[in-house]
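What follows is a set of notes on a single structure, which appears directly below.
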Amino acid sequence: MALQEPTANDDAPGAADLTRAVNARLSALAAAAASSPLHPAYATALGRPGKRVRPVMAMLACHDFGGDAEAALEFGCATELVHTASLILDDLP
């Protein structure tokens with residue numbers, strides 16, 4: 001798929017809708033790994049409001065380049081999980 005130039009348009013998805021989608025996906029991912037000994041640490045870390053910025057930005061960027069914002073949900077959440085894990089693992093002794 002060739003990238004298109006970003007366009008200014010009024011049909012951009014709302015940040016609130018994207019945030020709800022990210023919240024639901026991150027919650028599902030956290031619940032799927034509930035047996036991990038690090039679950040309390042990353043569940044708390046993923047619950048912080050700032051953990052929605054990267055996935056929402058990825059989804060908006062995808063939309064601006066002609067893609068479907070929902071198509072970037074997994075990528076954005078994966079990026080957030082890696083970032084959160086790096087913060088947690090950096091603090092371990």
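What follows is calculated from the coordinates using simple rules that are stated; it is not laboratory data. Every value quoted in this text rests on a predicted model; they were computed, and no experiment measured them. Here Cβ is always computed from backbone atoms with ideal geometry, including for glycine, and neighbour counts include all displayed protein chains.
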What's the local net charge at VAL22, with K and R +1, D and E -1, over the other residues with C-beta under 13 Å away? +2
Relative to the present Cα-Cα distance, how much length would full extension add between ASP64 and SER36 at 0.36 nm per residue of separation? 6.4 nm
